[in-house]
Amino acid sequence: MNKLLYQVLDNLNEGIVLLNEELQIIYWNYYMEDITNLKRYDILNQPIVDILPNFSMRYYLDAFYDVIEQGTIRFFSGAIHKQMLNNSDHFNLKMSRIENEDKHFIQLEFMNVTSQFNQIKQLKSYVNKLWDTNRELKEKEKIIQKLAYHDKLTGAANRSLFYEVSSSLLLQAKRNKTLLGLIFCDVNKFKSINDTYGHEFGDKVLIHISQLLEKSARESDMVCRYGGDEFVILLPDMKDVDNYKVVASRIVKLTKKPVKIQNITISLSISGGISFYPIDAETIDQLLVKADAAMYTAKQQKGTETYFYRME
Amino acid sequence: MGNSDMTQDILKELFNISVGRAAGILSDIVGQKIHLNVPNVKILKASSESYAIDEYISMKKNGTLMVSTLSFKENYTGKASLIFSAEKMKTFISLCLQEEQNDSDDMDFNDVDFDIIKEIGNIILNCIIGETGNLLNISFKYTLPEVRLFNAMEFKYDYRNTDNVYVLILYITFVIGDTEIEGAIIVDLSLHSINDLLTRIHKLEESLYE
């Protein structure tokens, strides 16, 4: 019978070790031989702590004591207890007491969970890759959105964003019975600047003007590159027609001094026209037409200095 | 039943000794200082005081509970469950393994996580049930804990349907590093078992006055 039981234990696909009360090894199955490269006849009757030195740690010794004395069952997980039997595999360990002829024994069952660890590691790596890809896609989505609504050269809002925002600001102005101001402006003599210094220089001028307009506008205003050297500034929630002059005077001030671009010092000026909903027009297109016409007048009146005009 | 101040104080004292030992073992294993404390103990009748039990498991608002349950065998029937909020246990697992919790980590638990909780549940419940048994001279036989996830509603349903009438509830706090985790232990004993336990506690109580 004993022989049959030993054959069964040797046939198990998990490590089985039996210890006596002195913690000496009295049984070591074939699986244990395979996994540790230690043959049972070399280690029988030797203390487990001499054969597997990890088990001399205090918590294992305390566990052996509890199992023998109190008959408790103890469980050790492979995640916390690494390198329990060798350096390459992970094992869960169950310790329990066996009683026979008034003697107590400790049964150790080592269950190999290495494949679980590998699968989880692989899954985690997939999840992390997916996570990274997802983050990259979200970042790209943001860039695409920015490209769709912002001018590539200056970073200012483009015409698409202008039409989207302006129609909602117009609705807001109608609802709140406030003024919506629109400044249409361009750079004086821009064609001549381009012809004299080249397109690259002209681009730098546009970037400078865009930044200058952003600096001059209020936080709630929107600066948009409408096309070429033309910019539009939307001024929502205006309480009074004259209030646009605060923004205009900042632009005048910032264009007073010549600027240095690509080692060339140049004087830049802007002509602008302004129109207001609901005083000058009812729709955004009408506001644009009115402001454009006012800008034309401003340019005719003072074509070489920064000047803003509103048609009465 | 059995909720006199003295009975509760004795139970609290016993369980604090037990969890103190569990904390020592856990600290040794994970190589970090872990504190465990039982600030409160109650014995409640499941059928008439279920509202108080629900109130006691205040973590239920967190949705998912992680429950490690061992079953008594032979002379004592019933089971003991260690209950923590699943979300907090995820943090605890990372702290145990000294791994950083990734943004990509969601609330899914894998087999390895369950094994870690099984080991922790085994240590805490062993100490509580084992040492209480020792002090009261009772020999409990029980299984390894099974770890399961419940939503609070399922868990409530599960234990109310047991035949056992009385439950012993321990409120437990777990401190590892800067993280504090609150949980509960429910020891679900039959009337006969709980009577036995209380008789032994009363004997201890009487011996204090002798």
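The values are calculated or read from the model by the stated rules, or taken from the named source; none is laboratory data. Just so it is clear, the model here is predicted, and its values are computed rather than measured. All Cβ positions, glycine included, derive from the backbone under ideal geometry; neighbour counts span all protein chains shown. Side chains are part of the model used for accessible areas, which takes the heavy atoms of the whole protein and leaves out ligands, DNA and RNA. Shrake-Rupley method; radii C 1.70, N 1.55, O 1.52, S 1.80 Å.
List of remarks:
- Residue in segment B:102-117 that is at pLDDT below 80 and open to solvent by less than 20 Å² (accessible area, probe 1.4 Å) present: yes
- Verdict on A:D50 being more than 14 Å from chain B (Cβ to nearest Cβ) and of a type in the set (D, E): yes
- Of all residues in segment A:103-113, those satisfying the criterion of being more than 10 Å from chain B (Cβ to nearest Cβ) and open to solvent by 20 Å² or more (accessible area, probe 1.4 Å) are A:K103, A:H104, A:F105, A:Q107, A:E109, A:N112.
- Output for segment B:176-196, where each listed residue is touching a Leu at 6+ places or on another chain (Cβ under 8 Å) and modelled with pLDDT under 75: B:L189, B:I194
- Among residues of segment A:146-163 being farther than 21 Å from A:V205 by Cβ and surrounded by fewer than 15 Cβ atoms within 10 Å (Cβ to Cβ), the one that is modelled with the highest pLDDT is A:Y163.
- Residue check, A:A281 open to solvent by less than 70 Å² (accessible area, probe 1.4 Å), touching a Leu at 6+ places or on another chain (Cβ under 7 Å), free of Cβ contacts under 8 Å to residues at least 24 places away in the same chain and small (G, A, S): yes
- Among the residues examined, A:L18 qualifies as surrounded by 15 or more Cβ atoms within 10 Å (Cβ to Cβ) and in a strand (DSSP E or B).
- Out of A:K103, A:K94, sole residue that is within 23 Å of A:E33 (Cβ to Cβ) and at pLDDT 85 or above: A:K94
- Restricting attention to segment A:21-58, the residues that are closer than 30 Å to B:V30 by Cα and surrounded by fewer than 12 Cβ atoms within 10 Å (Cβ to Cβ) add up to 5.
- Among the residues of segment A:81-93, none qualifies, meaning not one is among the hydrophobic types (A, V, I, L, M, F, W, C) and open to solvent by 40 Å² or more (accessible area, probe 1.4 Å).
- Subset of segment B:57-90 (residues that are surrounded by fewer than 18 Cβ atoms within 10 Å (Cβ to Cβ), modelled with pLDDT under 80 and not charged (D, E, K, R)): B:S58, B:N62, B:G63, B:N75, B:T77
- Among the residues of segment A:254-299, those that are in a loop (DSSP other than H, G, I, E, B), more than 30 Å from A:K174 (Cβ to Cβ) and among the hydroxyl-bearing types (S, T, Y) comprise A:T255, A:S267, A:S269.
- Residue check, A:N100 among the polar types (S, T, N, Q), in contact (Cβ under 8 Å) with a residue 40 or more places away in the chain and open to solvent by 30 Å² or more (accessible area, probe 1.4 Å): no
- Residue that is under 27 Å from B:S139 (Cα atoms), under 47 Å from the mean Cα position of the chain (by Cα) and within 13 Å of chain B (Cβ to nearest Cβ), where the choices are A:S77, A:S125: A:S77
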